[in-house]
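Comments concern the structure below.
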Amino acid sequence: MTRILTVAGAQMGPIQRADDRASVIERMLALLHRAHRRGAGLVVFPELALTTFFPRWVIDDQAEVDAWFEAGMPNPAVQPLFDAARTLGIGFYLGYAELTHEGGRTRRFNTAILVDETGTILGKYRKVHLPGHAEPDPARLHQHLEKRYFEVGDLGFPVWRTLGGVMGMCICNDRRWPETYRVMGLQGVEMILLGYNTPAQNAQGGEEVHLRMMHHHLCIQAGAYQNSSFVVAVAKAGLEDGHDLIGGSCIAGPTGAIVALATTQKDELIVADCDLDQCAFGKASVFDFAAHRRPEHYGRITAQTGATPPP
Ligand code: ING
């Protein structure tokens, strides 16, 4: 019996700084219902899906920063999304800014959760690769202050057996680092879910927009192919308060081929019937890790952080 999971990527257009969560949830509910009509069993929303991409702003007042975070999950603002998903029998991935109190202190993470078709939170992931900088840099064309507003994720890259397969999660910049995919690949992952907010412009100049899109798809396709896994990558896209975010949401199969691709920078649904059994061939041939990997030669990958060129 094939394990076909119909997956929908719910790309979202821009969320302006002045937009409230209720208006965003309305848009997400419309996408969820469309996904249901398309037969989807799982919907993937973007990174930080409930608000504008606030790490582009220098915010000094902590209370103002914390207003961009969710102090609990679910909470009254997002409860309609959980209720609709449960009614429709659809699981979902949701990216949001997590404010939590753990170990006697307040913690802030760029987080994603995996919710099953009963509305139960199955798993949580906290973004490991935080790009950008911690201090405002006036030399940049725009700020990217994820290192200022979030801690590095402390949950690693777990996977979960659910929805008929082995599912994993990551967030945005994580997709640029091959280690992200391989740690999940070594756990037998069959579908990796991720959301992203990717500025169209390089804050330090250079790099044309078309290269941004090429790099995005290159990372997704390579990660999928080299770990024989589906990868579902979903954008928050479009012009947020004058700052453009790329679209290009896509679903890549275990061969690395793109099987669904967004064509706008608006709220847009992409859907694919993903046969999870397709992952088996690559895992048993070219990427049979047990037969072909040589970890005894890979020590530098975990022993070093930066590169050390020869003298
Ligand atoms: N955004 C961007 C991303 O990784 C970035 C930041 C863009 C880093 C391009 C390097 C190059 O897609 C987030 N939110 O990580």
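The values are calculated or read from the model by the stated rules, or taken from the named source; none is laboratory data. As the structure is a prediction and not an experimental result, all values here were calculated from the model. Glycine gets a Cβ as well: all are built from the backbone with ideal geometry, and neighbour counts include every protein chain shown. Remember, those area values only see protein heavy atoms, side chains included, never the ligands or the DNA or RNA. Shrake-Rupley method; radii C 1.70, N 1.55, O 1.52, S 1.80 Å.
Worth a mention:
- Filter result for residue 182 (surrounded by 18 or more Cβ atoms within 10 Å (Cβ to Cβ), farther than 24 Å from residue 50 by Cα and either within 11 Å of the ligand (Cβ to nearest atom) or without any contact (Cβ under 8 Å) to a residue 60 or more places away in the chain (or both)): yes
- Once region 270-292 is narrowed to residues that are part of a helix (DSSP H, G or I) and touching a Lys or Arg at 6+ places or on another chain (Cβ under 7 Å), the residue that is most open to solvent (accessible area, probe 1.4 Å) is 277.
- Test for residue 177: is it open to solvent by 10 Å² or more (accessible area, probe 1.4 Å) and under 23 Å from residue 274 (Cα atoms): no
- Region 185-200, subset of a type in the set (A, V, I, L, M, F, W, C) and crowded, with 24+ Cβ neighbours inside 10 Å, residue nearest to the ligand (Cβ to nearest atom): 194
- Residue list for region 98-129, filter: hydroxyl-bearing (Ser, Thr, Tyr) and either part of a strand (DSSP E or B) or open to solvent by less than 10 Å² (accessible area, probe 1.4 Å) (or both): 100, 106, 111, 125
- Considering region 1-58, the residues that are of a type in the set (Ser, Thr, Tyr) and in contact with a helix residue (DSSP H, G or I) (Cβ under 8 Å, 6 or more places away or on another chain) include one that is most open to solvent (accessible area, probe 1.4 Å), namely 2.
- For region 155-238, the strands (runs of 3 or more DSSP E) that sit wholly inside it and include 1 or more residues that are more than 19 Å from residue 47 (Cα to Cα) are 159-162, 165-171.
- Scan of region 124-136 for residues that are over 14 Å from the mean Cα position of the chain (by Cα) and either away from the ligand (no atom under 14 Å from the Cβ) or in contact (Cβ under 8 Å) with a residue 60 or more places away in the chain (or both), ordered by number: 132, 134, 135, 136
- The listed residue being in contact with an Asp or Glu (Cβ under 8 Å, 6 or more places away or on another chain) and either modelled with pLDDT under 95 or on the phi > 0 side of the Ramachandran plot (or both), out of 248, 238: 238
- Meets criteria (surrounded by 19 or more Cβ atoms within 10 Å (Cβ to Cβ) and within 17 Å of residue 219 (Cβ to Cβ)) for residue 253: yes
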